[in-house]
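Asker: Before we start, here is the structure in question, set down as structure tokens.
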Amino acid sequence: MYAIFYKEWIKTRWYFLLAVLATLGFTGYCMLRINRVVEMKGAAHVWEVMLQRDVIFIDMLQYIPLIAGILMAIVQFVPEMQRKCLKLTLHLPYPELKMTGNMLLSGLILLLVCFASNFLLMEIYLNGILAHELKNHILLTALTWYLAGISGYLLVAWICLEPAWKRRILNLIIAVLLLRIFFLSPTPEAYNKFLPYLVVYTLLTASFSWLSIVRFKAGKQD
């Protein structure tokens, strides 16, 4: 298991560092936008705008976690398929389901660390200028986008591991439809009541990769 984690870390370490820096850069820029408003018009104005206009100031982050998750899956699994390393990996004396699960888990851990750093930055800054309720208003809205990033990673991993190109196209269409669910409403905190279901929904997408692995082992190319 540790050998699998190390192998995945070697493949993804530079992208992981880039993803952390890039996502923190976008998050930091959003915090600077809020800070600029505070310096020009005061924190009271930020409160007023959030309460009266339902503005959350971090709209530019909406698709950043999704892009980060998709690129993580591509970096991790496309070389695996191009170099035909997966066939060798699956012939190791280790259960295939656990093998696939550990590969996905290694990517998920890196994504969670990346996303947690974003939330930590927002928590530290917003805690100093906003009431607890307003801060949570922003963070809960962002949580849906970060769940989309995790789901995007799992779905693109499923597509990359699929051995047949025709099925990859079908999987891509299904993935786009499934990811659309996370962006149906632009209203802040629109998904609050459904967050537990979205978490379960996101975790269930991890099982899709196992379907591709079964088809890969069976040698199916159509």
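The values are calculated or read from the model by the stated rules, or taken from the named source; none is laboratory data. Please read all numbers here as calculations on a predicted model, not as lab measurements. Cβ coordinates were reconstructed from backbone atoms using ideal geometry, including for glycine residues, and neighbour counts include every protein chain displayed. Quick note on the areas: whole protein, heavy atoms, side chains included, nothing else; ligands and nucleic acids left out. Shrake-Rupley method; radii C 1.70, N 1.55, O 1.52, S 1.80 Å.
Asker: For segment 199-209, which residues satisfy the criterion of being touching a helix residue (DSSP H, G or I) at 6+ places or on another chain (Cβ under 8 Å) and surrounded by fewer than 18 Cβ atoms within 10 Å (Cβ to Cβ)?
Answerer: Those that are touching a helix residue (DSSP H, G or I) at 6+ places or on another chain (Cβ under 8 Å) and surrounded by fewer than 18 Cβ atoms within 10 Å (Cβ to Cβ): V199, Y201.
Asker: Scan segment 10-20 and tell me whether some residue there is more than 14 Å from I129 (Cβ to Cβ), touching a Ser or Thr at 6+ places or on another chain (Cβ under 7 Å), of a type outside the set (G, A, S) and open to solvent by 40 Å² or more (accessible area, probe 1.4 Å).
Answerer: no
Asker: Shifting gears a bit: Can you list residue pairs whose Cβ atoms sit under 8 Å apart, with the first residue in segment 16-39 being of a type in the set (A, V, I, L, M, F, W, C) and the second being open to solvent by 80 Å² or more (accessible area, probe 1.4 Å)? Count only pairs 6 or more apart in sequence or on different chains.
Answerer: Taking only residues 6 or more apart or on different chains, not a single pair turns up.
Asker: For residues in segment 106-150 being in contact (Cβ under 8 Å) with a residue 24 or more places away in the chain and β-branched (V, I, T), which is surrounded by the fewest Cβ atoms within 10 Å (Cβ to Cβ)?
Answerer: Residue satisfying both the conditions and the ranking: V113.
Asker: Restricting segment 21-57 to residues that are outside any helix (DSSP H, G or I) and open to solvent by less than 30 Å² (accessible area, probe 1.4 Å), which is nearest to L140 (Cα to Cα)?
Answerer: Among those residues, the one meeting the criterion is I56.
Asker: Run down N118, N102 and say which single residue is at pLDDT 95 or above and assigned to a helix (DSSP H, G or I).
Answerer: Going through N118, N102 in turn, just one is at pLDDT 95 or above and assigned to a helix (DSSP H, G or I): N118.
Asker: Do we find a residue being open to solvent by 60 Å² or more (accessible area, probe 1.4 Å), out of contact with any strand residue (DSSP E or B) (no Cβ under 6 Å at 6 or more places or on another chain) and closer than 30 Å to V49 by Cβ anywhere in segment 159-180?
Answerer: yes
Asker: Of these, I138, I129, which one is in a helix (DSSP H, G or I) and over 25 Å from Y15 (Cα atoms)?
Answerer: Testing whether each residue is in a helix (DSSP H, G or I) and over 25 Å from Y15 (Cα atoms) leaves just I138.
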